[in-house]
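This report concerns only the one structure given below.
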Amino acid sequence: MPTAPIVDFLKSVVTALGINATVEVEDTADGPRFNLAGEEAELLVRHRGEPLKALQQVVDSCYGRSLDGEKRVFVDALEYRKGKDIELRNMAKFLAGKAKESGLDQQLGPLNPYERRIVHMAVAEVPGATTESVGDAFSKTVMISARK
């Protein structure tokens with residue numbers, strides 16, 4: 001997938017917001033990751049990354065369906081989400097192990113669709129564990145259980 005239109009779009013948005021930032025593109029197995037860098041990119045990770053989440057939602061709406069198969073577009077700033085994603089994957093695997101050992105369901109959330117996908121994929125790597133999204137809003141809880 002050509003990434004130039006997304007880079008141009010991100011540059012336009014941050015410029016409109018008055019943020020001086022560069023866009024770095026990393027090609028990953030899950031899809032292209034666009035990392036906004038520079039001192040002022042810190043503004044996007046304030047308030048627990050809410051501005052960054054909003055930007056991800058806009059980019060996903062505009063460009064997310066243009067990718068092949070299961071690939072996704074990821075927007076990050078100062079690699080904030082990359083670190084959060086690793087923490088979330090580790091927590092999901094830990095809770096999957098706990099569910100298997102104890103036989104008790106474990107809850108993780110509320111999570112947005114992007115975060116739920118990370119949890120579902122991480123738990124899928126744990127034999128004998130399964131996940132289910134619970135709730136009817138944008139943010140849902142993921143139940144992690146031992147596979148019966």
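Since every read-out is calculated from the coordinates, none of them should be taken as a lab result. Every value quoted in this text rests on a predicted model; they were computed, and no experiment measured them. Don't worry about glycine lacking a Cβ; one is built from the backbone with ideal geometry, like all the others, and counts go over all protein chains shown.
Let a ≥ b ≥ c be the square roots of the eigenvalues of the Cα gyration tensor of the chain; is it rounded (a/c under 1.5), or, if not, prolate (a/b larger than b/c) or oblate?
Values: a/c = 2.42, a/b = 2.02, b/c = 1.19.
Prolate shape, in that a/c is at least 1.5 and a/b is the bigger ratio.
Below 15 angstrom from the Cβ of Asn20, what's the summed charge of the other residues (Lys, Arg +1; Asp, Glu -1)?
Taking every other residue near Asn20 into account, the sum is -3.
Could you compute how fast the range 1-75 diffuses translationally, taking Rh as the Kirkwood radius over C-alpha pairs and applying Stokes-Einstein at 25 °C with viscosity 0.890 mPa s? Give it in µm² per second.
The Stokes-Einstein estimate is 195 µm²/s.
Any chance you could get the radius of gyration and Dmax over the Cα atoms of the range 83-146, in Å?
Over the range 83-146's Cα set, Rg and Dmax evaluate to 10.6, 31 Å.
Which net charge results when you count Lys and Arg as +1 and Asp and Glu as -1 among the other residues whose beta-carbon is under 11 Å from that of Glu125?
My count for the surroundings of Glu125 gives +2.
Once both axes come from the Cα atoms, what is the angle between helix 113-124 and the longest principal axis of the chain, in degrees from 0 to 90, rounded to 10?
Between helix and principal axis, roughly 40 degrees.
Which is farthest toward the positive dipole end of the chain among Gly38, Ser145, Ala92, measuring Cα position about the Cα centre, with Cβ charges +1 (Lys, Arg) and -1 (Asp, Glu)?
Sorting the options by dipole projection puts first Ser145.
Tally Lys and Arg at +1 and Asp and Glu at -1 over the other residues with C-beta under 14 Å from the C-beta of Gly97: what net charge comes out?
So the environment of Gly97 carries a net charge of +2.
Select from the range 76-148 those GluC sites (Glu not before Pro) which occupy a DSSP coil region and have at most 13 other Cβ atoms within 10 Å, ordered by residue number.
On the way: sites: Glu79, Glu87, Glu101, Glu115, Glu125, Glu132; in loops: Glu79, Glu125.
Taking the range 76-148 and a limit of 13 other Cβ atoms within 10 Å, the loop GluC sites (Glu not before Pro) found are Glu125.
So what is the calculated 222 nm ellipticity per residue for the chain, using -39500 (n - 2.57) for each DSSP H run with n of 4 or more, over all residues, to the nearest 500 deg cm²/dmol?
-15000 deg cm²/dmol
Compute the angle between helix 46-63 and the longest alpha-carbon principal axis of the chain, please, reported from 0 to 90 degrees and rounded to the nearest 10.
Around 80 degrees separate the two axes.
Relative to the longest principal Cα axis of the chain, at what angle does helix 80-102 sit, 0 to 90 degrees, rounded to 10?
Helix 80-102 sits at roughly 0 degrees to that axis.
Based on DSSP, what percent of beta bridges with both residues in the chain are antiparallel, to the nearest 5?
Values: 17 of 21 bridges.
Antiparallel bridges: around 80 percent, rounded to the nearest 5.
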